[in-house]
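The values are calculated or read from the model by the stated rules, or taken from the named source; none is laboratory data. Keep in mind that what you see is a predicted model, and the values were worked out from it rather than measured. Ideal geometry is used to build each Cβ from the backbone, glycine not excepted, and the neighbour counts take in all protein chains shown. When the accessible area is computed, the model is the full protein with side chains, heavy atoms only, and any ligands, DNA or RNA have been set aside. Shrake-Rupley method; radii C 1.70, N 1.55, O 1.52, S 1.80 Å.
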Amino acid sequence: MKKIQISPSILSADFSQLGNEIKKLENGGADLIHVDVMDGHFVPNITIGPPVIKTLRKYTSLPFDVHLMISPVHKYIKNFADAGSDIITIHPEATQNLVESINLIKNLKKKVGISLNPNSKIDLIKNHLDRIDLVLVMSVYPGFGGQKFIPDTIKKIEKLNKIRIEKNLNFHIEVDGGVNFSNSKDIIKAGANILVSGTTIFKENDGDIKNNISQLRSM
Ligand code: DX5
Ligand code: ZN
């Protein structure tokens, strides 16, 4: 079994203090930093872009797990790579040519993630699973933090995990949206090995980040 990693989403951080918030996450035991990029077009919300990611790069040596919710995504991939992203995750619906976008991320020497919305089927990405590093399973409709986990996601994680085992593949299964202390164990049991969380990490237990990260990780 793969090691369980926690990727806190800075969407729930204090945006006027992002550098310090990222330091707190690193000190609290985060494995990755999840950066949600939204364009107000692919999803109904707007966040940050490459210049902000670039300025944040100096605050941590943790990998930046960059979740691009922008369309068309292809022409911006290089900007996000240059800004200091380590993992670049795209939604298949946001590119005209998924193979070309995967190849571009690989050529830029970054890890490739593909994200599945709650209503997107695994079939959509099945042929690419042997070439990517990570599948980001959305457990809410992307756009906002603080939403409720969609329970059907568990079946999708199990199905992906089965494919991973049967085909002897090595991609990570990351889950994003509504992850909390009551569903994290089921998510891990189903086969996920990276948990994204914004609300739980920043808001539970009066914002005790260290405690919240270790509680999410525990089985
Ligand atoms: C949703 C984002 C998530 C979200 C997670 O569009 O991709 O990363 O911020 O936040 P919580 O943990 O609050 O659901
Ligand atoms: Zn995300």
| note | Per the filter on the stretch 2-27, residues more than 20 Å from GLY113 (Cβ to Cβ), in contact (Cβ under 8 Å) with a residue 12 or more places away in the chain and assigned to a loop (DSSP other than H, G, I, E, B) are ALA13
| task | Would you check if VAL175 is among the aliphatic types (A, V, I, L, M), within 12 Å of ligand 1 (Cβ to nearest atom) and open to solvent by less than 10 Å² (accessible area, probe 1.4 Å)? | result | yes
| note | With criteria (1) of a type outside the set (S, T, N, Q); (2) loosely packed, with under 14 Cβ neighbours inside 10 Å; (3) part of a loop (DSSP other than H, G, I, E, B), LYS189 comes up short on (3)
| message | Being of a type outside the set (S, T, N, Q), within 26 Å of ASP186 (Cα to Cα) and either in a strand (DSSP E or B) or within 16 Å of ligand 2 (Cβ to nearest atom) (or both): is that true of VAL52 here? | response | no
| query | Any residue in the stretch 28-44 that is within 16 Å of ligand 1 (Cβ to nearest atom), open to solvent by 30 Å² or more (accessible area, probe 1.4 Å) and either touching a Pro at 6+ places or on another chain (Cβ under 9 Å) or assigned to a strand (DSSP E or B) (or both)? | reply | yes
| query | Looking at the stretch 91-113, which of its residues are open to solvent by less than 10 Å² (accessible area, probe 1.4 Å) and either out of contact with any helix residue (DSSP H, G or I) (no Cβ under 9 Å at 6 or more places or on another chain) or closer than 20 Å to GLY40 by Cα (or both)? | reply | HIS91, ALA94
| request: Take the stretch 119-131 and flag every residue that is of a type in the set (D, E, K, R) and either free of Cβ contacts under 8 Å to residues at least 12 places away in the same chain or surrounded by 13 or more Cβ atoms within 10 Å (Cβ to Cβ) (or both). | output: LYS121, ASP123, ARG131
| So is GLY49 touching a strand residue (DSSP E or B) at 6+ places or on another chain (Cβ under 7 Å), more than 23 Å from ILE173 (Cβ to Cβ) and away from ligand 1 (no atom under 15 Å from the Cβ) or not? | yes
| Hey, among LYS2, LYS58, LYS75, which residue is at pLDDT below 95, surrounded by fewer than 19 Cβ atoms within 10 Å (Cβ to Cβ) and of a type outside the set (A, V, I, L, M, F, W, C)? | LYS2
| message | I'm told ILE70 meets every condition in (1) more than 14 Å from ligand 1 (Cβ to nearest atom); (2) of a type outside the set (S, T, N, Q); (3) open to solvent by 10 Å² or more (accessible area, probe 1.4 Å) except one. Can you identify the failing condition by its number? | response | (1)
| said: Go through (1) within 16 Å of ligand 2 (Cβ to nearest atom); (2) out of contact with any strand residue (DSSP E or B) (no Cβ under 8 Å at 6 or more places or on another chain); (3) in a loop (DSSP other than H, G, I, E, B); (4) open to solvent by less than 70 Å² (accessible area, probe 1.4 Å) for THR200 and report which single condition fails. | reply: (3)
| request: Tally the residues that are part of a strand (DSSP E or B) and β-branched (Val, Ile, Thr), restricting the search to the stretch 94-128. | output: 2
| request: Hey, could you check the stretch 132-142 for residues that are within 12 Å of ligand 1 (Cβ to nearest atom) and surrounded by 19 or more Cβ atoms within 10 Å (Cβ to Cβ) and say which is nearest to MET69 (Cα to Cα)? | output: PRO142
